[in-house]
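Note sheet for the following structure.
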Amino acid sequence: MGFLNRITGRFFRRCLLLALWINVCCLCGVVYSAEPPPAETLYLKDGQFFSGESIGFEEGNILFRLPDGEVRSVLLGDVDRLEYAEWGSESNTPAPGDELLVSNDNVELPPLPAMINQTPVPQPIGVSPDFGDVEDENTSPWDRVEGYYDTCWEYVEIWTKRMEIGGTFLAGNTQRDYVTTALQLEKSDDNNRFLFEIGGRWGQSNGVRDANRWYGNATLDLVRKTNWIVFVTNKNTYDEFENLDWRGNISSGLGYRFINEKDKRFIVRVGPGGTHEVYNSPRLVRTTLDVFAELEFHWPLSEHAKFEHKQTWTPSVDNIKITRLTTETGILFKLDNKDRWNLRLGLLQIYNSVPNAGRKKNDFTGTVSLVYTRK
């Protein structure tokens, strides 16, 4: 009988412990369900909103993960605000205690939380950098200068920069010095692109200068969610041995992006324009109305080489005898795994059907240069 009582008592205690464990688990589940994990609500300017979690930025877009795991990429210009909310809330209107994370209407609100992996977001083309709030009275002038420098450098970092330099130097029985240099700055987002180029070639042989040409070009492409673009371009050239003091061309029109990727590009631009030329020896000033046509083509040849080609035609409308053509072709050979250093073999052709007196129609320039690209 005592043996039976011990077995019954032991069984009863085990059942009691099991019941207590089940109650504890149920209480934990209730507490856990009462405190859902925090989330965010993304409000768009067109009235739409999404609940989920912001996970970072990419090329001017905010990446937002929905409850079902889908990640949406939303253009920052379409965002009205990003507010702190809760999963499963019955109303999409933020509660009084919710925190406003991002708002396009209030620049004094705090930025996104530090746990989000943020990357620099390019500002729209034509918008100057924001130098921040006014410094307090205890800030020294040197601190202000450093702050302005850091802000400007962050703004410059948005641009893709390409620097090119090449040269030939001989000493001895033959004295020859040639230098080729170029700087290219490009800023683009999903819609617009601004390109600025400046460079030239200078050379002398046995103390006599025989090359001195410099140029500066700027091109702006504007587009709205389509492959068609509206462009404005300005090109300027000085060439001592063409007797050219200045040739300036400004053009605008329509273009089409057949291919517009990071390593592949095929763009055509066509529109009206005008060219003004100033020559010397003899003095000649000439202005013509032109048709502007440009072809831009970039294509990878292999993992270690890529081809680039740009050709520009400006035939005159009021004088059909005048046609100008600039063709620049190059092959870049990769020198490192990060695709920053390249060796470039280039050929430049400049054709002018009606040159200045005593000058030839064609000029050809071959170059070998070292190219550094910072993205």
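The values are calculated or read from the model by the stated rules, or taken from the named source; none is laboratory data. Small disclaimer: the values here were computed from a predicted structure and weren't measured. Positions of Cβ are backbone-derived with ideal geometry, glycine not excepted, and every protein chain shown enters the neighbour counts. Ligands, DNA and RNA are excluded from the accessible area calculation, which covers all protein heavy atoms including side chains. Shrake-Rupley method; radii C 1.70, N 1.55, O 1.52, S 1.80 Å.
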How much of residue 62 can a 1.4 Å solvent probe reach, expressed as accessible area in Å² and rounded to 10? 10 Å²
At what distance in nm do the modelled label points of residue 174 and residue 301 sit from each other, each positioned 7 Å from its Cα along Cα→Cβ? 2.5 nm
Between segment 47-85 and segment 227-301, what is the separation of their alpha carbon centroids in Å? 40 Å
What would the Debye equation give as log₁₀ I(q)/I(0) for segment 40-84 at q = 0.25, 0.27, 0.29 Å⁻¹, counting only Cα atoms as equal point scatterers? -0.86, -1.00, -1.13
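What part of the accessible area of segment 158-374, given as a whole %, is carbon or sulfur when the probe is 1.4 angstrom? Each step should come with its number before you reach the end.
Numbers: 6900 of 11590 Å².
Ligands and nucleic acids excluded, carbon and sulfur give 60 percent.
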So, over other residues within a Cβ distance under 13 Å of residue 228, counting Lys, Arg +1 and Asp, Glu -1, the net charge is +3
Calculate, in whole percent, how much of the Cα-Cα pair population of segment 299-375 lies beyond 16 Å. 61 percent
Chain lengthening between residue 72 and residue 227 when straightened (0.36 nm per residue, less Cα-Cα): 53.6 nm
Return the Cα extents of segment 158-374 along principal axes one, two and three, sorted largest first, each rounded to a whole Å. 53, 48, 27
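Which net charge results for the neighbourhood of residue 299, defined as the other residues with beta-carbon distances under 13 angstrom from its beta-carbon, given Lys and Arg at +1 and Asp and Glu at -1? Working shown, then result.
Working: positive: 262, 264, 265, 306, 310; negative: 261, 263, 296, 308.
It works out to a net charge of +1.
Given a Förster distance of 56 Å, report the FRET efficiency between residue 284 and residue 337 from their Cβ-Cβ distance, rounded to the nearest 0.05.
Details: r = 52 Å, r/R0 = 0.92.
After rounding to 0.05, the efficiency reads 0.60.
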Using a basic spin-label model with each label point 7 Å from the Cα along Cα→Cβ, how many nm lie between residue 240 and residue 374? 3.0 nm
By the scheme Lys and Arg +1, Asp and Glu -1, what is the net charge of all other residues having a beta-carbon under 10 Å from that of residue 290? 0
